[in-house]
Structure formats: C-alpha cells, structure tokens
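Participant: Sharing a structure with you now.
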Amino acid sequence: MLERGAVAGLNHLLSQQSWASERLRPFAGKGLEVRCPPFPKLRVTITDKGLLARAQDKVASALVVKLKPGVLPLLLARDDAARSQIEIEGSADLAGAVDYLVRNLSWDIEEDLSAVFGDVLAHRLATGGRAFGAWQREALVRLAENLAEYWTEERHLLARPGDGEKFRREVDALREEVARLEKRIERLGSAAKR
C-alpha cells in the first residue's frame, strides 16, 4: 500500500510539471531506487511516458536517491536548504536529470492536500510542515540548554549526602510556619467580626 501510494504521489507531482516527462522519457526502462528512512526502499521503473511504475524484479537500479532522516517533511514544506540533504548515486546522465527535477519541482502542497482533507485541515497540515524544521531546531536547543543548566547549577545539590534530610527539615519548618500564619489569620478574622 505504501509503495502504490508513493508511486501515485510521485506521478501526481511529476504530472504537474510540463517539462518533467521530457526530462525522464529518454531514460524509459531504467530503474530507480529511493531510500527515505524510516520507510522501506521504493523501487520504480521510468515509463515511456516519462512517469514512474512499480519496478519489475528483473530491472536493476540505474540510480539510487537517498534522503537523510527527517528531510521529507522539510522538502514537503519547500525548505530549500533540505534539498542539499539528498544524495544521488549512479548513471551520470540520469543523475543529472533527477537532480534537475528535485531542484526545480514546484507544487502547492496545500492545494493538493485540500483535495484529500478539505481546506481547513490542509492549511493546518501545510503550515505545520513548514514550521517543523524551526520547531525541531528550537526544541533541541532548549533541551541542550536545560541539560547544561542542570549539570552546572543543580546537579551538585543532589550529590552531597545528608542533603535529603536537610531539605525535609526545611519543608517541615515551612509547614509549621504556614500553620502558625493560618491560625493568626483566623484570629484576626474573628476579631474583625466582633
């Protein structure tokens, strides 16, 4: 199911580009392999229409396209920097054509998603995809900062023996002080009513 969906999605994307079939048609019959962790490898064959079909077992891959982990949502969000995270290995001519395709594809992901999910959800999905890279980077920075702060400022508090007992005594004293203040507030409230 994943393979059929991926092939259909790629063909939909290619069919939106008037020049894409002309680029691929000269390589009809050649096999392509796409590796995009964590998904399984996708093997396809270029057709004489300049589109893609599920690969026949006998067709060897003339080209391997490798996407680094985490790059797919950034590509879908049209993050130009993500395109440098794709490696293409194999036949030089075909590699050049595929590289050109990757760098020059244009599409409106929100419009495509609208046809499936409706306008409101499509907008939320597309917007979330665009924000994914920034959110991921910010989350990692915050995590690193929190770990560094703990390591330098707080870790030593837990390292000394007896700290637990001292802390418990301080909490007990604080509770007694709160109880004393609550009683005083009650007395003041009673006096005010008189």
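Participant: Quick one: which residues, 5+ away or cross-chain, put their amide H under 5 Å from the amide H of Ala62? H built at 1.01 Å from N.
Facilitator: Residues meeting the amide H criterion: Gly31, Leu32.
Participant: Tell me the trypsin sites (Lys or Arg not before Pro) within the stretch 1-107 that lie in a loop according to DSSP and have at most 14 other beta-carbon atoms within 10 Å. Provide the component values of the computation, followed by the final result.
Facilitator: Values: sites: Arg4, Arg23, Lys30, Arg35, Lys41, Arg43, Lys49, Arg54, Lys58, Lys66, Arg78, Arg83, Arg103; in loops: Lys30, Lys41, Lys49, Lys58, Arg78.
In loop regions of the stretch 1-107 (DSSP not H, G, I, E or B), the sparsely surrounded trypsin sites (Lys or Arg not before Pro) are Lys41, Lys49, Lys58.
Participant: Now, a different point. Pop out the ³J(HN,Hα) list for the stretch 89-97 in order, Karplus 6.51 cos²θ - 1.76 cosθ + 1.60 with θ = phi - 60°, rounded to Hz; leave Gly and Pro as x.
Facilitator: 10, x, 3, 4, 5, 5, 4, x, 5
Participant: Below 30 Å, Cα to Cα, which lysines can Lys49 reach? Residues fewer than 8 away in the same chain don't count.
Facilitator: Counting by Cα, and skipping residues close in sequence, Lys49 has these lysines nearby: Lys30, Lys41, Lys58, Lys66, Lys68.
Every number here is computed from the coordinates shown, using simple stated rules; none is lab data. Treat the numbers as computed from the prediction; the structure is a model and nothing was measured. Positions of Cβ are generated from backbone atoms using ideal geometry, with glycine treated the same way; all protein chains shown enter the neighbour counts.
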